[in-house]
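Structure first, then comments.
The values are calculated or read from the model by the stated rules, or taken from the named source; none is laboratory data. These figures come from a predicted structure and were not determined experimentally. All Cβ positions, even for glycine, are placed from backbone atoms using ideal geometry, and neighbour counts span all protein chains on display.
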């Protein structure tokens, strides 16, 4: 049986080791590019999600809307997500009501529409302000690095795997078979 003094020493020793060890959060942030050090609520359930979980992947970010002339791009986004999922590419959707008030629903309505109409399985986040003075800091950084801010729904940004390069595409650029997909392929080749 150990004395009370030796138990205190063991407890203090373990405490000192735990205090000296880097926390998982600090390690994650050290490995996470500054651009991705943001959290958003997941569209389906409101659970906070750190974008750091996508560090090391090529990321396609798109601001979406359910009632827009470009809404059918969900099909191409989902097809791209499925085609490149095993190649460390992820599509991230951010519904926004910034343009033409074309995303008026709440999170549940948006999630139901995306899944039931287009079978969207790629990560989607809660409604986000993507343009103007009130734009979320993540979208401010994307606009700065990519050289343009969203001018309408379905604006796209391709982020390199190291989080240092951002290429911007207008809503007119479809996700598959053109400049957006070529940018993703180039980012994969540069890894």
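Against the conditions (1) closer than 19 Å to residue 91 by Cβ; (2) modelled with pLDDT of 95 or more, where does residue 177 fall short? Just the number, please.
Against the list (1) closer than 19 Å to residue 91 by Cβ; (2) modelled with pLDDT of 95 or more, residue 177 comes up short only on (2).
Which of the helices (runs of 4 or more DSSP H) contained wholly in the range 83-191 include at least 2 residues that are closer than 27 Å to residue 34 by Cβ?
Numbers: elements: 107-118, 137-146, 179-190.
By residue number, 137-146, 179-190.
Tell me, which residue of the range 121-169 that is touching a residue at least 24 places away in the same chain (Cβ under 8 Å) and on the phi > 0 side of the Ramachandran plot is surrounded by the fewest Cβ atoms within 10 Å (Cβ to Cβ)?
This residue is 132.
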